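Note sheet for the following structure.
Bear in mind these aren't lab numbers, they're just calculated from the coordinates by the rules spelled out. Given the structure is predicted, the values throughout are model-derived calculations rather than measurements. Here the Cβ positions follow ideal geometry from the backbone for every residue, glycine too, while neighbour counts run over all protein chains shown.
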């Protein structure tokens, strides 16, 4: 898949943006519309859509996190936002951002604030609020096509895991997934209690049969499966389902929390 023409289009768009020393999202939208830039998707490949979108995102991010002048870096951010908003895919592909790139984005926000370009803070906050980003450790910009495909394949698998971890870290589901149902229910005590109860029923009906007709209630004491044994089967099925869930999602059976300090710092910066 030859992505060079697409990358060249992005380069030319940002060249024009930087040449005029433009600074705002409104400027980018005018330039985008004038160039009818959304037509970049008309020649999109019929397969490997995730690879295609991540390649466009990565190229725009490369400009955004570069050491270039502020206008070009801002152009990279605005282009990234417009690429996301105009993509033809539903659901939309999210933007993969490495922690190194996240640090550079934070620097860009600071530089924009110092230059009184308030739209940047609002835009980045909007992108975070709309959950446009997926954060990871691997830089996918600048590598070969083969390397990028491999990384994005890994990323696609990791995305599901991140989504589940994000869900579980914010809900009571995590408590249940890590719960030992055997311990919670005190299964051994329950089995003992149900066995004693069954024995007591049989004894009571046996004694009653000596004086009254118990044909209508004998079924109560018939050898049915004990409650304790039924619960034991449920516990076993619970454990099987949990293990299957762990395999499908890649989530560890141990409780793990991975703090993302840079993300928290960026959120704090945006709220100042």
Cβ neighbours within 10 Å, averaged per peptide: list 39-48, 79-88, 108-117 in order, most packed at the top. 79-88, 108-117, 39-48
In nm, the gap between the two label points placed 7 Å beyond Cα toward Cβ at residue 131 and residue 39 is 3.6
Percent of Cα-Cα distances greater than 11 Å, calculated over segment 50-97: 63
Which peptide among 95-102, 22-29 comes first, and what is the full order, when sorted by highest mean count of other Cβ atoms within 10 Å? 95-102, 22-29
